[in-house]
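Before any comments, here is the structure.
Nothing in this text is a laboratory measurement; each read-out follows from the coordinates by a stated rule. Worth saying up front: this structure is predicted, and the values here are computed from it rather than measured. All Cβ positions, even for glycine, are placed from backbone atoms using ideal geometry, and neighbour counts span all protein chains on display.
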Amino acid sequence: MEPWMQIVLTVFSSVLASSGLWAIVQKQIDSKDVKTQMLIGLGHDRVIYLGIKYIERGYITRDEYENLNDYLYKPYRDMGGNGSAKRVMDEVDKLPIHK
């Protein structure tokens, strides 16, 4: 076998066997999973519902903001949530924080 062909096969095999490639494949499989879709839907519902409540009230507490942003919105966004929750969070970010 030609030396250049051995190099090409080695590189191709390395890429195919790398954990990065399989992580991408697994993420694609997970994104289509019904459980993932349900979690995204539930996250969306809570972010929208709570965000609108805080906007209507006119302020948010530090604990409420942490709960909404860190534990609901960020995981929702990272799972592939859409832009409607981002618009609500942008408005929540403008609210004054009360103790």
Can you name the residue in the range 44-99 that is of a type in the set (A, V, I, L, M, F, W, C) and in contact with a strand residue (DSSP E or B) (Cβ under 7 Å, 6 or more places away or on another chain) and is also nearest to VAL34 (Cα to Cα) among such residues?
VAL92
Based on this model, can you work out whether ILE24 counts as surrounded by 15 or more Cβ atoms within 10 Å (Cβ to Cβ) and out of contact with any Lys or Arg (no Cβ under 7 Å at 6 or more places or on another chain)?
no
Selection from the range 30-80 of residues that are over 14 Å from the mean Cα position of the chain (by Cα) and among the hydroxyl-bearing types (Ser, Thr, Tyr)
TYR49, TYR54, TYR59, THR61, TYR65
